[in-house]
Amino acid sequence: MKLSAFLVPVFLLTALPLQAQIARHPATAEDARPNNPKVPDSYVLSGRFDRVLVLRAKNKTDLLTEMEKQVKQQNIKNAVILSGIGSVRGYRFHNVTGRDYPVPDMFVSAPNTPADFIGMNGYVVNGVIHAHIILALGDNKAPQSLAIWKREPKS
């Protein structure tokens, strides 16, 4: 399982469709912060489910925009994203390009390339979505791609 989790991003970087647009940005000041030595290497939080929400977006809807809208409308501050599936008409996502901090950002955009949305999980932290997605691209070049949704900085 660990090897496949490593190989999926490698496939993404080596087999993106030719029509995908890639934008690279330097690491932000927040990304460049060193680890706080007061924070432990790991810790456990306990909680319980208060409610379960299911979001369904209609055809030709920007999924991230709708998720952000619903997080705000539903007054969601912190949550766990358990699943997500479907098909998309195009995609854009963020991917890290290194193992050490600061990590430069890479944004991939293929707004006219359909894909199967195989899975999603992640979190909402302080009202901000941190979702990890897996796409299966239908061009026979990239079997799967792992991505992280993140808004591209304004130029």
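The values are calculated or read from the model by the stated rules, or taken from the named source; none is laboratory data. From a predicted model like this one, the values you see are computed outputs, not experimental measurements. Please note: Cβ atoms are built from the backbone with ideal geometry, for glycine as well, and neighbour counts cover all protein chains shown. Protein only, heavy atoms only, side chains kept; ligands, DNA and RNA dropped before computing areas. Shrake-Rupley method; radii C 1.70, N 1.55, O 1.52, S 1.80 Å.
Of note:
- Hey, Asn121 touching a Ser or Thr at 6+ places or on another chain (Cβ under 8 Å), modelled with pLDDT of 85 or more, farther than 20 Å from Thr28 by Cβ and open to solvent by 80 Å² or more (accessible area, probe 1.4 Å) or not: yes
- Of all residues in region 93-109, one or more are on the phi < 0 side of the Ramachandran plot, open to solvent by 80 Å² or more (accessible area, probe 1.4 Å), part of a loop (DSSP other than H, G, I, E, B) and touching a residue at least 12 places away in the same chain (Cβ under 8 Å).
- Within region 18-62, the set of residues being among the hydrophobic types (A, V, I, L, M, F, W, C) and either in a loop (DSSP other than H, G, I, E, B) or modelled with pLDDT of 85 or more (or both) comprises Leu18, Ala20, Ala27, Val39, Val44, Leu45, Phe49, Val52, Leu53, Val54, Leu55, Ala57.
- Qualifying residues in region 37-83 (those that are open to solvent by 90 Å² or more (accessible area, probe 1.4 Å) and in contact (Cβ under 8 Å) with a residue 40 or more places away in the chain) - the one nearest to the chain's Cα centre (by Cα): Asn78
- Some residue of region 30-41 being basic (Lys, Arg) and within 18 Å of Val128 (Cα to Cα): no
- The selection criterion, being closer than 19 Å to Ser109 by Cα, open to solvent by less than 90 Å² (accessible area, probe 1.4 Å), in contact with a Phe, Trp or Tyr (Cβ under 8 Å, 6 or more places away or on another chain) and not charged (D, E, K, R), holds for Gly86.
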